[in-house]
Amino acid sequence: MILIDVEGGGQIAVADDLPEASYAATGRLTATRPAGQISAGPARVVVEVLRRFGGHAPRALLGGQFTPSAGASTSFEVTYAADSDHSSCPSMLWNQAYAAGLAAEFAPAVLDGLLEEAGALPAGVLLVDRAGIDEVEASEWVFRQAAVMLRGALSATLRRADLEAEIRSLAEKW
C-alpha cells in the first residue's frame with residue numbers, strides 16, 4: 001500500500017485490492033475512447049481519497065480492474081448498486097469504515113473522472129467494481145477526484161511507471 005500526504009489538505013492511499021469493497025451491481029454506465037499505450041497485462045487497483053478543508057473531510061474509495069483486449073478502443077464501465085447492502089469495508093486512511101457500494105447518484109461523476117484525464121489507456125476494459133461511501137461526507141466532487149486517481153494508478157501500473165510519482169502529479173492539480 002502507498003500512502004501519500006497531499007500538501008493543501010488531503011491524503012491518498014493506493015492498494016492492490018480491497019475485496020471488502022465489492023458489491024452487487026444493479027446498473028452500469030459505459031463509455032468508449034480510443035486506445036493508446038501498450039498493456040503489460042491485467043491490473044487491479046483500489047484508491048482512497050480523503051480531503052481536508054474547513055471542518056469537512058469528504059472521502060471516497062474506488063477500485064477497478066483493467067483487462068486488456070484486442071482492438072483499438074478502451075471501454076470504461078462503472079457499476080453501481082441500487083442501495084448499499086449494509087456491509088462495510090475498511091478505510092485505509094480513517095478510523096471509520098465505509099458502506100460498501102457505489103450509489104447510482106455518484107456513478108456519472110466517477111465516469112466523468114475516468115474520462116477526464118489526458119492520455120489513452122491500452123485497448124481493453126476498465127471496470128469499476130469496488131467502492132466505499134461515507135454516508136455523511138460523500139459527494140460527486142470527491143468521487144470524481146477518486147476516479148481521476150484510479151485511472152492514473154491503473155495507467156501507471158500498466159506502464160510499470162512510478163506509481164507514487166504519478167499519483168503525486170495528479171494530486172498537484174487539486
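All of the numbers you see were taken from the coordinates with simple rules; none came from a lab. The structure displayed is predicted, hence computed values, not measured ones. Methodologically, a virtual Cβ is constructed for each residue, glycine included, from the backbone with ideal geometry; neighbour enumeration extends over all protein chains shown.
From the P(r) of the range 33-174, can you give the percent of Cα pairs sitting at distances over 23 Å? Intermediate values should be presented prior to the final figure.
Values: 3114 of 10011 pairs.
Value for the range 33-174: 31 percent of Cα pairs lie more than 23 Å apart.
Using a Förster distance of 22 Å, how high is the FRET efficiency between residue 1 and residue 162, based on the Cβ-Cβ distance and rounded to 0.05? Can you show the working numbers first?
Numbers: r = 16 Å, r/R0 = 0.71.
Using R0 = 22 Å, I get an efficiency of 0.90.
Could you work out [θ]222 nm for the chain from helices alone, using -39500 (n - 2.57) per DSSP H run of at least four and dividing by all its residues? Round to the nearest 500 deg cm²/dmol.
On the way: 3 runs with 39 residues, N = 174.
Dividing the helical sum by the residues of the chain leaves -7000 deg cm²/dmol.
Compute the FRET efficiency between residue 169 and residue 82 as 1/(1 + (r/R0)^6), taking r as their Cβ-Cβ distance and R0 = 35 Å, and round to the nearest 0.05.
It comes out at approximately 0.45.
Below 8 Å, C-alpha to C-alpha, sequence gap of six or more: please give me the relative contact order for the chain in percent.
29 percent
Can you compute 3J(HN,Hα) from phi for each residue in the range 14-23, using the Karplus curve 6.51 cos²θ - 1.76 cosθ + 1.60 with θ = phi - 60°, rounded to whole Hz and x for Gly and Pro?
Residue by residue, the range 14-23 yields 10, 9, 5, 6, 8, x, 5, 8, 6, 8 Hz.
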